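To start, the structure itself, in structure tokens.
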């Protein structure tokens, strides 16, 4: 298939009849048109949940043995991967090495399009080799079209190294198969034609963002990074987060602000340790020992199991 045929066959490159006359719409009508198209995205992602769940289970398995998750993309897709990766340390208290984003063109591409950076399979493969990715790691390619050479090169190199691979695209599975792309898990939400033909920063980008949220959030929950729906691995790196930590302790244990301050200090500034101390009525060393034995799951640590 020629490059022209590859591109013109993409769902995102088709003309959307509902926005065909968008240049004649009033401001309100333009916004309603965009919103109507956006409303279709969640259901498209929902249909992919079985595949997303498969990916999450694979990520969790590798996180538990010390593996890392790498997002690889170009342009909008690459930026979305970097954004999701960069939010994991402050949200879940994990190392910045645990989830990483790789974008074609490197750091400058986050702020300014690096035209042509996505066109090299070899550059994608080099990124994987430079990070010494192994079978303990997961590589997730993100490409609305599915055909981005940089992403395909990275995925192929990761597969050669035994890494678990995930591929997120808003192209159809049939088209992706014709392109010769393969991964252990394919996630392909059918969001349809874009409001502005080819503008994959819109519906495609939104679908990708929803899926990335699901992948990391569900994985972090599965490895014990929340208690209920509360982020409990808060790192006290600034005044806001210290106050959030106290609020968490107050809401989950019923103690007052002053008691939360004392508890947080006696726990060494560790919210999970503080929670187990208070809810299981144990000292800091016992609380930490219980957390270690329960792989960080607070409920199990409280129960002493």
Please verify whether residue 290 is surrounded by fewer than 21 Cβ atoms within 10 Å (Cβ to Cβ) and within 24 Å of residue 219 (Cα to Cα), treating the condition exactly as stated.
no
If I ask for residues that are modelled with pLDDT of 95 or more and in a loop (DSSP other than H, G, I, E, B), which ones from the range 146-168 would you list?
161, 162, 163
Does the range 86-94 contain at least one residue that is out of contact with any strand residue (DSSP E or B) (no Cβ under 8 Å at 6 or more places or on another chain) and either surrounded by fewer than 17 Cβ atoms within 10 Å (Cβ to Cβ) or without any contact (Cβ under 8 Å) to a residue 12 or more places away in the chain (or both)?
yes
May I ask you to list the residues in the range 63-75 that are at pLDDT 95 or above and under 19 Å from residue 102 (Cα atoms)?
63, 67, 68, 69, 70, 71, 72, 73
Collect the residues in the range 112-136 that are surrounded by 24 or more Cβ atoms within 10 Å (Cβ to Cβ) and closer than 26 Å to residue 64 by Cβ, keeping them in residue-number order.
128
Just for helices (runs of 4 or more DSSP H) wholly inside the range 194-305: which have at least 3 residues that are free of Cβ contacts under 8 Å to residues at least 60 places away in the same chain and touching a helix residue (DSSP H, G or I) at 6+ places or on another chain (Cβ under 7 Å)?
239-253, 257-266, 271-280, 284-293
Go through (1) free of Cβ contacts under 8 Å to residues at least 24 places away in the same chain; (2) within 21 Å of the chain's Cα centre (by Cα); (3) assigned to a loop (DSSP other than H, G, I, E, B) and name the single condition residue 183 misses.
(1)
Looking at the range 121-145 only, could you name the residues that are free of Cβ contacts under 8 Å to residues at least 60 places away in the same chain and either under 14 Å from residue 75 (Cβ atoms) or not in a loop (DSSP other than H, G, I, E, B) (or both)?
121, 122, 123, 124, 125, 126, 127, 128, 129, 130
Output the residues belonging to the range 21-38 that are surrounded by 11 or more Cβ atoms within 10 Å (Cβ to Cβ), without any contact (Cβ under 8 Å) to a residue 60 or more places away in the chain and within 33 Å of the chain's Cα centre (by Cα).
29, 30, 31, 32, 36
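The values are calculated or read from the model by the stated rules, or taken from the named source; none is laboratory data. Keep in mind that what you see is a predicted model, and the values were worked out from it rather than measured. Methodologically, a virtual Cβ is constructed for each residue, glycine included, from the backbone with ideal geometry; neighbour enumeration extends over all protein chains shown.
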